[in-house]
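Novice: So that we are looking at the same thing, I have put the structure below in structure tokens.
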Amino acid sequence: MSSSSRSASGSGNKPSSGKRPSGSGNRPASSGKRPSGSGNRPASSGKRPSGSGNRPATRPTGRGSRPSGRGTAIADRQRARQRWTVAAVAAVSVAILAVVIGFAFKGAGDGDIPDGFSADREAFDLPALTGDGHVRLADHRGKPVIVNFFASWCVYCNKELPGFVEVAKATTGQVDFIGVQAQDTGDGVEVAERFDLAGAGFALAKDLGMPSSSKLWSSYGSRGMPVTAFYDSDGKLVDFAGGMLTQEELQTRIEKNFGIKVDAVDAETLRTKVIPLIPQGAAEMLTNYGADGSFVAIDIRTAAEYAAGHIEGAKNVDASAASFDAELAKLSKDTSYIVYDQSGKTSATIAQKMYDLGFKHVYVLTDGLDNWTGEGMPRPRCPACRGGRTGLVLAAVRDRNPQV
């Protein structure tokens, strides 16, 4: 809290009128003159009457607004206390601000970057995703470079990477691709292997910094994942995309920035391996793509379990039923499916089976419906539940998780 947001005026010591304290309630309000009349002061003894109610306790001086003697000392002490309080509050506020700034910029320095590496976006030198090697921007001088940042938790990274892979294959020898795991403490190697990024020609690296490795990522002013940076053949940053790029958008930017026309296989027509989704990611996909039917949740529990509560819009295909294979055969293999059960014990196996049967885009909800509710997602729909568990409102997920 800054000092400007606190009041240290000592309001109990200073009246709202702005006048100094008048000392005694027995003092005349305005005249400032001594009381007249011989009856109020002894004629000859020179002694003040004791206990007289006719004379104020503090002797008037002829200036009605100024306390004398003891009153002045009290006022001075009060003002001194107020000045000390203001100074103390200001000092504490400055100290707190210094601590906050120190923490905020602790990660901005190079203290947590190992020797020999750099997160300078114009000349980065990153550790390889596996092994002890380096991935340097300078090593790609002479060719345009596309740097794509991904994370194991990022659902849109999973969605865009198949298109990046096909474009990388189609531009081999013309454009270099670097994949950087960032903002992530999860398994980036698993992501790279799932899409065979190395096989497509990607150089693979890890971002720098602790705890979530985001030094280079943050140097672009990034917010969320994924993000993509475009460098020309001289190593100059010429374009930056915050958010997911479709394959078509990626190809358009390559032509615009580098003058290279790309003719790549449409990744949407190809199969991808089973992709795990955290609850927030699954909800995001269903929110954005569920309405047009391109993403469908598949509940593989029994009909009774499904009726007790399920993700709204999910299709019930009971994996334990004898008709399961026949029901799967009725589903379009071009649609994207998110498979879930109660705890995740069976769904991964069923998702892999669907992939083996030729389904192109199969996702699995990690740890099932238990994880969905445990992560605070909207409660499953239960039409038969009395009083209440209402339908799933997926739009609420977007408000809580603007970048997943």
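Values in this text are rule-based calculations from the coordinates and carry no lab data. The structure displayed is predicted, hence computed values, not measured ones. Neighbour counts are summed over all protein chains in view; Cβ atoms, including those assigned to glycine, are modelled from backbone coordinates with ideal geometry.
Novice: Among the listed pairs LYS143/LYS360; LYS206/LYS353; LYS169/LYS360; LYS206/LYS345; LYS206/LYS256; LYS159/LYS256, which are separated by more than 26 Å between their Cα atoms?
Specialist: Over 26 Å apart, Cα to Cα: LYS143/LYS360; LYS206/LYS353; LYS206/LYS345; LYS206/LYS256.
Novice: Okay, moving on. Taking amide H positions as placed 1.01 Å from N in the peptide plane, with prolines and chain starts having none, which residues 5 or more places from SER152, or on another chain, fall under 5 Å of its amide H?
Specialist: Counting only residues 5 or more places away or on other chains, the set is GLY186.
Novice: Among GLU166, GLU122, GLU268, what is the fewest-to-most ranking by other Cβ atoms within 10 Å? List each step's numbers first, then the result.
Specialist: Working: GLU166 22, GLU122 12, GLU268 16.
Starting with the residue having the fewest Cβ neighbours, the order is GLU122, GLU268, GLU166.
Novice: If we restrict to alpha carbons, what Rg and Dmax does region 276-380 come to, in Å?
Specialist: 12.4, 35
Novice: Defining a contact as two alpha carbons under 8 Å apart and six or more residues distant in sequence, what relative contact order in percent does region 110-221 show?
Specialist: Relative contact order of region 110-221: 32 percent.
Novice: Can you work out ³J(HN,Hα) from phi for every residue in region 112-127, in order, using Karplus 6.51 cos²θ - 1.76 cosθ + 1.60 and θ = phi - 60°, giving whole Hz and x for Gly and Pro?
Specialist: 9, 9, x, 4, x, 10, 8, 9, 5, 5, 8, 7, 5, 9, 10, x
Novice: Let me ask something else. Relative contact order of region 219-274: what whole-number percent is it, with Cα pairs under 8 angstrom and at least 6 residues apart?
Specialist: It comes to 24 percent, rounded to a whole number.
Novice: Over region 150-269, what is the percentage of antiparallel beta bridges among all DSSP beta bridges, to the nearest 5?
Specialist: 50
Novice: Rounded to the nearest 0.05, what FRET efficiency do SER320 and SER212 give with R0 = 41 Å and r taken as the Cβ-Cβ distance? Could you check?
Specialist: 0.50
Novice: Of ARG271, ARG136, how do they rank once you tally other Cβ atoms within 10 Å and put the fewest first?
Specialist: ARG271, ARG136
Novice: When LYS206, LYS169, LYS256 are ordered from fewest to most other Cβ atoms inside 10 Å of their Cβ, what list results?
Specialist: LYS256, LYS169, LYS206
Novice: For region 248-310, state the average projected area of the convex hull of the C-alpha atoms over all orientations, rounded to one decimal in nm².
Specialist: In nm², the orientation-averaged hull projection of region 248-310 is 6.8.
Novice: Sticking with this structure for a sec: In region 169-263, which GluC sites (Glu not before Pro) fall in coil by DSSP and have 14 or fewer other Cβ atoms within 10 Å?
Specialist: Loop-located and lightly packed - none at all.
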